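Notes follow once the structure below has been shown.
Each reported figure results from applying straightforward, stated rules to the coordinates on display, with no laboratory input. Just so it is clear, the structure is predicted and the values come from calculations on it, not from any experiment. Backbone-built Cβ (ideal geometry, glycine too); neighbour counts: all protein chains shown.
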């Protein structure tokens with residue numbers, strides 16, 4: 001955040017982290033408290049992906065599968081946001097000797113997410129979209145917003 005304070009063209013900051021095993025609401029509130037202590041000149045919104053960012057790939061599995069060594073017939077059953085180690089699950093879907101690599105696969109799979117599908121299947125993805133809407137609204141009105 002301090003680096004952003006040195007920039008002149010910043011309209012807002014999105015803080016996006018994985019909850020892992022922490023409570024996403026508690027974690028978001030703790031980060032907002034830190035932001036308030038630091039004092040920000042810009043809008044700051046916090047989004048905590050429930051468990052991990054890669055859960056959003058499960059929320060849109062129909063459009064993600066079939067790329068990056070994830071078989072086109074991959075199916076996930078269960079609670080999307082309750083699944084721990086989605087990275088490991090993705091690796092298990094891949095052919096032997098292949099593994100999900102965050103630096104390699106995350107951007108490509110993110111581009112394949114169907115927003116409507118992910119919105120329907122993931123509460124934390126809905127939070128991401130809402131946070132982006134808050135940033136845009138704040139930029140349009142010129143009023144800073146801080147939100148968990």
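Below is a table of values for the structure above.
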{"read-out": "Potential lengthening between residue 98 and residue 77 on full extension [0.36 nm per residue; Cα-Cα distance subtracted]", "value": "5.3 nm"}
{"read-out": "Mean Cα-pair separation over length for the stretch 55-121, i.e. relative contact order, pairs under 8 Å, 6 or more apart, %", "value": "48"}
{"read-out": "Binned Cα-Cα distance frequencies in the chain - 10 Å width, integer %", "value": "11, 36, 30, 17, 5, 0"}
{"read-out": "Length-normalised contact order of the chain in % [C-alpha pairs under 8 Å, at least 6 apart]", "value": "32"}
{"read-out": "Extent along principal axes [Cα atoms of the stretch 55-121; Å; largest to smallest]", "value": "33, 23, 22"}
{"read-out": "Separation of the residue 107 and residue 36 label points, Cα + 7 Å toward Cβ, nm", "value": "3.7"}
